[in-house]
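J.: Below is a structure I'd like to ask you about.
The values are calculated or read from the model by the stated rules, or taken from the named source; none is laboratory data. Note that this is a predicted model, so its numbers are computed, not measured. Cβ placement follows ideal geometry from the backbone for every residue including glycine, while neighbour counts extend to all protein chains displayed. Note: accessible area is taken over every heavy atom of the protein model, side chains too, but ligands, DNA and RNA are not part of it. Shrake-Rupley method; radii C 1.70, N 1.55, O 1.52, S 1.80 Å.
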Amino acid sequence: MRFLRSLRSLFGFSAKPGGVALALGGGGARGLAHIGALEVLEDGGIPIAGIAGTSAGAIIGAMWITLGSAAAVARRWREFLGTDTLKALPDVRLTPAMSTRDNPLLLFARRMRRSALVALALDRTSVITHAELEKGLSFLLPDVTIESLRVKFAAVATDFETGEPVALRHGPLRAAVAASCAIPAVVPPYSFGGRHLTDGGTVADVPVAQARTLSRCPVVAVSVGEAWRPQDAAGITLAQAMMRASNMTHKALRDAQLASADLVIAPDVGALHWSEFTRLDEAAAAGRAAAESVIRRAQALALCRPRQRQAEEPQ
């Protein structure tokens, strides 16, 4: 108690904790680290005033709100991994069937990469249909509206026409999360509120600005981006050079977004491939370790007096 009173005196905290708003970033399987981070925030008694999530962050954030705890989210993911949903997704084979010893999720990831190549060759519009994506989300999320949730929530997508980030705060929860996860060339853009929307990670990998619109409380960002690895410039191939240039732009944008957060939790999952969903325990453990390293700072932020809004909330 003496510690908390000292913090209030030093930083001007309010009598009642206001909590924090969370910005949960995208990253495929690396987003499972959000589960561990949420568990630590729960144990630390930190109220969550709102969650803005991009792609995987939108899935985990929505699951946490609807299921009620990080432990429940982890249990549901384990159940999902035991279903045939992923196996039922389409496959366009270029090679003989792979060994059944391959993990089903990694097998799916490899199939999808091959399917993407064939999709380009056949001039298809996508690899995964809306119905296939929504089937998976229907197992993970209830059929409810965003405005009915117990915690303020925004699924962040990208306007396919303008390139602007769009915070979806109203309407069907599953559809909003699906739009946030609609990876270009893999899933077709979603029509939502008169706009064509695609994966939010394109322009808002860690949606700090969108989290700020949910609450006047400080924003804690959880970043699960891919690791930035050194690469030999002399031996780099054309394809590698193009990909690295794209990653440079993406990293610079993500760093700029993180700079505006009040606190950043950065789990060490950069080496985890986006498709390795079976490494749930490893990703969640990384999330816990990263959150535990800054939990005191997060608790202090949760006691801060909420700042005045700078503008009206967007609808």
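J.: Any idea of the accessible area per residue across the range 205-291, 1.4 Å probe, to the nearest Å²?
T.: With all protein chains present, the range 205-291 gives 49 Å² per residue.
J.: A further question on this structure: Ranking request for peptides 55-62, 279-286, 39-46: highest mean number of other beta-carbon atoms within 10 Å first, then the rest in descending order.
T.: 55-62, 279-286, 39-46
J.: Follow-up. Nearest 0.05, what FRET efficiency do E164 and E134 give at R0 = 22 Å with Cβ-Cβ as r?
T.: 0.35
J.: To continue, here is another question. Counting only residues 5 or more places away or on other chains, whose amide H sits under 5 Å from the amide H of I265 once H atoms are built in the peptide plane?
T.: So I265 has HN proximity to A221, V222, S223.
J.: ³J(HN,Hα) across the range 241-257 via Karplus (A = 6.51, B = -1.76, C = 1.60, θ = phi - 60°), whole Hz, x for Gly/Pro?
T.: In residue order, the calculated couplings are 5, 5, 5, 5, 4, 5, 5, 4, 4, 5, 5, 4, 5, 5, 4, 5, 5 Hz.
J.: Same structure again: Collect residues whose amide H, placed 1.01 Å from N in the peptide plane, falls under 5 Å from the amide H of V166; neighbours closer than 5 in sequence don't count.
T.: Here the answer is A157, T158, D159, since their amide H atoms fall under 5 Å of that of V166.
J.: Can you list the HN-Hα couplings for the range 215-224, worked out from phi with the Karplus curve (6.51, -1.76, 1.60; θ = phi - 60°), rounded to whole Hz and with x for Gly and Pro?
T.: 7, 8, 6, x, 9, 9, 9, 10, 9, 10
J.: Quote to one decimal, in nm, the extra length available between R305 and A245 on full extension: 0.36 nm per residue of separation minus the C-alpha distance between them.
T.: Gain in length upon complete extension: 17.4 nm.
J.: Skipping prolines and chain starts, which residues have an amide H placed within reach, meaning under 5 Å, of the one on H196, given they are 5 or more residues away or on another chain?
T.: Here the answer is F160, E161, since their amide H atoms fall under 5 Å of that of H196.
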